[in-house]
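The values are calculated or read from the model by the stated rules, or taken from the named source; none is laboratory data. Just so you know, these numbers come straight off a predicted model, no measurement behind them. Here the Cβ positions follow ideal geometry from the backbone for every residue, glycine too, while neighbour counts run over all protein chains shown. Surface areas here come from the heavy atoms of the whole protein model, side chains and all, with no ligands, DNA or RNA. Shrake-Rupley method; radii C 1.70, N 1.55, O 1.52, S 1.80 Å.
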Amino acid sequence: QVQLVESGGGLVQAGGSLRLSCAASGSIFIVNTMGWYRQVPGKQREVVASISSGSTANYADSVKGRFTISRDTAKNTVYLQMNSLKPEDTAVYFCRARGGSYNFWGQGTQVTVSS
């Protein structure tokens, strides 16, 4: 099992920045890819960004150039730096860890961007 704990969400004005953190614990050795997803009520959860064990990052088109995902393997933590935030970025953000057939989710952290 892998446990994921997100932090760093909150309320910010449009144009502002936030940094989300996802601390992993447990059977970390099985994890390959980690990522951030977001979900608003009534909509499907969507991928925001992901990063592989080799630090290859991928981003949703809607956040390219504004968000940066990074990984600190020594701390077993993944970060999502979010700049130039927009009201449409408002959502619950979830951390996900995958490895082989394993798939783990964090509890989510709310990000609210006011206009």
Tell me whether the stretch 74-91 contains one or more residues that are free of Cβ contacts under 8 Å to residues at least 40 places away in the same chain, of a type in the set (Ser, Thr, Tyr) and either in contact with a Ser or Thr (Cβ under 7 Å, 6 or more places away or on another chain) or under 16 Å from ALA49 (Cα atoms) (or both). no
Filter the stretch 1-27 down to residues that are open to solvent by 40 Å² or more (accessible area, probe 1.4 Å) and more than 17 Å from the chain's Cα centre (by Cα) and give me whichever is nearest to THR68 (Cα to Cα). GLY15
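Quick check: is even one residue across the stretch 33-42 surrounded by 14 or more Cβ atoms within 10 Å (Cβ to Cβ) and in a loop (DSSP other than H, G, I, E, B)? It would help to see each step written out before you state the result.
Residues of the stretch 33-42 that are surrounded by 14 or more Cβ atoms within 10 Å (Cβ to Cβ), as a first pass: 33-39.
Next, from what is left, pick out any that are in a loop (DSSP other than H, G, I, E, B): none.
No, the conditions are met nowhere in the stretch 33-42.
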Residue match in the stretch 34-54 (condition: closer than 17 Å to SER101 by Cα and touching a residue at least 60 places away in the same chain (Cβ under 8 Å)): yes
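Residue check: is LEU85 in a loop (DSSP other than H, G, I, E, B) and either loosely packed, with under 12 Cβ neighbours inside 10 Å or modelled with pLDDT of 95 or more (or both)?
Values: in a loop (DSSP other than H, G, I, E, B): yes; either loosely packed, with under 12 Cβ neighbours inside 10 Å or modelled with pLDDT of 95 or more (or both): yes.
When the stated conditions are applied, LEU85 passes them.
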